[in-house]
Amino acid sequence: MKKRFYTILAACVLFSGIASAQDILLQSFDDPAVIGSWKNTDAGSFTLTGSADAKEGSGSIALSYNLVADQSWGGSVDIQMVPDGATFGDLSETEGISFWYKVITPASDVNTVNWTTKIFINSTGGTEEWHASLTGVINDMSGDWVQARIPFSSFAIPSWLTTYDGVLYLDQVKEIQMQIVAGAGITTTGELLIDALSAYGGGSSNIGALLESFDVVGSIGNWINSTEGSYSLGSSTDAVEGTGSACLDYILIADQSWGGSVDMQFTNNGELFPNLSEDEGIRFNFKATQPASVTAGVSLNVKLFINSGDGTQTEQWHAALSNVIGDNSGEWQEAKIPFANFAIPSWEATYDGILYLDQIHTIEIQIVTSSVGLETNGVICFDNLTSYTAGDVTLYEGFKLNTLDDPENNVGSWINSTDGSFSLVASSDAAEGAGAGCLTYHLVGDQGWGGSVDVQFLPADTVSGVFPDMTEHLGISFWYKVPEPADAPGNVSFVVKLFVNSTGGTEEWHRTVGGVLANPSGEWGQLYIPFSSFNIPSWLTTFDGVLYQDQVAEIQFQILAQEGTTTNGGICFDNLTSYDDEEVVLSTVTPIAAGIKLYPNPASSQLYIEGLDNIERVQVFDRNGRLLKTVGNPYSSIQVADLLSGFYILKIYTDTEVYSAKFLKH
């Protein structure tokens, strides 16, 4: 097992001094009477009762279901948790939500059946629903309590639901639902226990690039959007770092048609800010020397202004923070905002819909309210605006998606450029394994939209047509080396694309990574790209808007040039894998090759293995990575009649290699 130390993109908003955020219990499940429940099915049924078998507290809830998906869209069984007050309180200091579950009877059918968690948010125009789907919950066969953790960055508003702001206000969570949902025509039965729904805290981090020191107040742009309001921005020697801080004394009266605001603006002397592609988010220090007199309906917004589209268009990415202007500790505090929490508000223009972290030209901090007529006043000081990276975390290599040992046969490639050219060849200069794939390109942006050179990776499992289930993994990783840096890097991007099977068709999820093509080191480097950092560009079709990590059907690398740009360069790639911060059961296996067959799949009693010699042993794992059985010297088949219905992972050991494959037990 190889261990990696690297920055993980977490999904947290954290306000803290030194300590990390603590977990917040949202629902104990000790009393089932306070849990709402219902079904969206005519023929189906369910029961929700209490159980003394609990992971925490005095009890849990037991959900037994017979789900018949007889509605036009399918069917569901739902449970509902609401707070004692208007909201669950301020969850801005936490990273995501978690709950414990124990499956008593695994789902009889998991085909097109998902566990979905929903967060209902008070937004400016109404209620927004944010969804996240989990696999491996209802069919877990361990018989033990298991904790599910869902980072807030994994939630998205499905395309069929209304979006108002498109900002996940973590101090405005008014309802949480959990749902077992099935596709039309499916019938599934099962039972599970649920306990201890919580918001969980984040971890430590390291300071990155300095964006604004606040030492010289005169370099900070500032203004007010309020006719009757007033403010002053002055310097102070009370500082956390450097020689000074900036203190904003404000009387904000929301007398504009949309409300009102006081704003500060930071630029980098007409240049772009440093490339933050490898960082997790931005942070700053603050001290509310006079907490805001009114905080309800008032927030502190941070805005990133990004070069997008053709490079001359600007997108605004916003993140809202609560509990800043109203902090009454009288001490310096730290606010952190992961890039994954920024979004383009619905009223702002979207061009690419991609947060290019190497194209930030302006940053603003704003005290704002949309409540017309509201008045608030206070004093708050700011110091040391920087990027940040996560603390050192052990990363484990996950599934091998493509070794790139044989790129000429196992990697697709093409060019979208009439006058351009490229070559993709094998190289013995490898970071890992026997070889690497090296791409040399002469790229001319002459297609009207620009031009590109594309590299394509397809799953080895041609039966399922998808890569191994990466639901529990953090992201994908690969090695790269730049023997010839791009000679026009300013107008050229490196894009990683995931093609995901969704309910209505294929969705494309993109992540642009800065600093790759022009890397001058000449050494092998490893990139880690979290799934939470991918998004669907605005010009592409969205079906669910959920990145199903068990339905990744294709991965592409793309060198993309703007129209009129000509660039030349060379880059090598090696060992495309998934990765996680926990040890991955199948981290040393190779997906089964096209010449090897498992049949029948689905299987009911016997599973046959064809195309492999000298099989020493076979292991069967459930989808949570738990070893269920080991068969020594199996020859060409194994018995699976003793397994419950559901998906399993097979690990096949030969005298020279270890292979993995997924199969379905009927």
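The values are calculated or read from the model by the stated rules, or taken from the named source; none is laboratory data. All figures in this text were calculated on a predicted structure; none of them were measured in a lab. Every residue, glycine as well, gets a Cβ built from its backbone with ideal geometry; the counts of neighbours run over all protein chains shown. The protein model used for the area step is the full one, side chains on, heavy atoms only, and it has no ligands, DNA or RNA in it. Shrake-Rupley method; radii C 1.70, N 1.55, O 1.52, S 1.80 Å.
Laid out as a table, the results:
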quantity	calculated
Extreme residue, most open to solvent (accessible area, probe 1.4 Å), among residues of segment 501-517 that are small (Gly, Ala, Ser) and more than 30 Å from residue 570 (Cα to Cα)	504
Selection within segment 447-457 - closer than 30 Å to residue 609 by Cβ and surrounded by 18 or more Cβ atoms within 10 Å (Cβ to Cβ)	457
Wholly enclosed strands (runs of 3 or more DSSP E) of segment 221-292 bearing at least 3 residues within 21 Å of residue 317 (Cα to Cα) and either free of Cβ contacts under 8 Å to residues at least 60 places away in the same chain or of a type in the set (Lys, Arg) (or both)	221-225
Test for residue 472: is it open to solvent by 50 Å² or more (accessible area, probe 1.4 Å), touching a residue at least 12 places away in the same chain (Cβ under 8 Å) and of a type in the set (Asp, Glu)	yes
Filtered residues of segment 203-236 (kept if of a type in the set (A, V, I, L, M, F, W, C), open to solvent by less than 40 Å² (accessible area, probe 1.4 Å) and in contact with a Ser or Thr (Cβ under 8 Å, 6 or more places away or on another chain))	209, 211, 214, 217
Evaluation of residue 554 against (1) within 30 Å of residue 597 (Cβ to Cβ); (2) at pLDDT 90 or above; (3) open to solvent by less than 20 Å² (accessible area, probe 1.4 Å); (4) under 21 Å from the mean Cα position of the chain (by Cα) (one fails), failing number	(3)
Among residues of segment 629-647, those that are over 18 Å from residue 610 (Cβ atoms) and either surrounded by 14 or more Cβ atoms within 10 Å (Cβ to Cβ) or of a type in the set (A, V, I, L, M, F, W, C) (or both), counted	7
Segment 131-143, residues that are at pLDDT below 85 and more than 11 Å from residue 99 (Cβ to Cβ)	132, 133, 135, 136, 139, 140, 141, 142, 143
Any hit, segment 439-446, residues being open to solvent by 20 Å² or more (accessible area, probe 1.4 Å), touching a residue at least 24 places away in the same chain (Cβ under 8 Å), among the hydroxyl-bearing types (Ser, Thr, Tyr) and over 17 Å from residue 557 (Cβ atoms)	no
Out of 350, 376, 389, 403, sole residue that is within 25 Å of residue 468 (Cβ to Cβ) and in contact (Cβ under 8 Å) with a residue 40 or more places away in the chain	403
Residue in segment 288-300 that is touching a helix residue (DSSP H, G or I) at 6+ places or on another chain (Cβ under 9 Å) and at pLDDT 90 or above present	no
Some residue of segment 643-650 being in a strand (DSSP E or B) and modelled with pLDDT of 85 or more	no
Filter result for residue 196 (in contact with an Asp or Glu (Cβ under 8 Å, 6 or more places away or on another chain) and closer than 30 Å to residue 58 by Cβ)	yes
Selection from segment 76-95 of residues that are open to solvent by less than 10 Å² (accessible area, probe 1.4 Å), more than 16 Å from residue 47 (Cα to Cα) and in contact with a Gly (Cβ under 7 Å, 6 or more places away or on another chain)	94
Any hit, segment 113-120, residues being in contact with a Lys or Arg (Cβ under 8 Å, 6 or more places away or on another chain) and either surrounded by 17 or more Cβ atoms within 10 Å (Cβ to Cβ) or modelled with pLDDT of 90 or more (or both)	yes
Segment 294-350: number of residues that are part of a loop (DSSP other than H, G, I, E, B) and under 16 Å from residue 166 (Cα atoms)	8
Failed item, numbered, when residue 283 is tested on (1) open to solvent by less than 20 Å² (accessible area, probe 1.4 Å); (2) closer than 22 Å to residue 372 by Cα	(2)
Hits in segment 164-178 (condition: of a type outside the set (A, V, I, L, M) and surrounded by 18 or more Cβ atoms within 10 Å (Cβ to Cβ))	165, 166, 169, 171, 172, 175, 177
Flag for residue 200 being open to solvent by 40 Å² or more (accessible area, probe 1.4 Å), of a type in the set (Ser, Thr, Tyr) and out of contact with any Phe, Trp or Tyr (no Cβ under 9 Å at 6 or more places or on another chain)	no
Flag for residue 50 being out of contact with any strand residue (DSSP E or B) (no Cβ under 6 Å at 6 or more places or on another chain), more than 25 Å from residue 155 (Cα to Cα), open to solvent by less than 60 Å² (accessible area, probe 1.4 Å) and at pLDDT 90 or above	yes
Conditions (1) open to solvent by 40 Å² or more (accessible area, probe 1.4 Å); (2) under 29 Å from residue 90 (Cβ atoms): number failed by residue 312	(2)
Cross-chain or 6+ apart pairs with Cβ under 6 Å, segment 155-179 first and among the basic types (Lys, Arg), then open to solvent by 10 Å² or more (accessible area, probe 1.4 Å) and in a strand (DSSP E or B)	174/120; 174/122
Filtered residues of segment 54-67 (kept if surrounded by fewer than 20 Cβ atoms within 10 Å (Cβ to Cβ) and over 12 Å from residue 191 (Cβ atoms))	55, 56, 57, 58, 59
Odd one out for residue 415 among (1) touching a residue at least 60 places away in the same chain (Cβ under 8 Å); (2) open to solvent by 20 Å² or more (accessible area, probe 1.4 Å); (3) among the β-branched types (Val, Ile, Thr)	(1)
Members of segment 509-524 that are farther than 12 Å from residue 354 by Cα and touching a strand residue (DSSP E or B) at 6+ places or on another chain (Cβ under 6 Å)	516, 517, 519, 524
Residue match in segment 351-362 (condition: among the polar types (S, T, N, Q) and within 23 Å of the chain's Cα centre (by Cα))	yes
Residue among 523, 484 that alone is under 24 Å from residue 436 (Cβ atoms), touching a Lys or Arg at 6+ places or on another chain (Cβ under 8 Å) and either open to solvent by 40 Å² or more (accessible area, probe 1.4 Å) or of a type in the set (A, V, I, L, M) (or both)	523
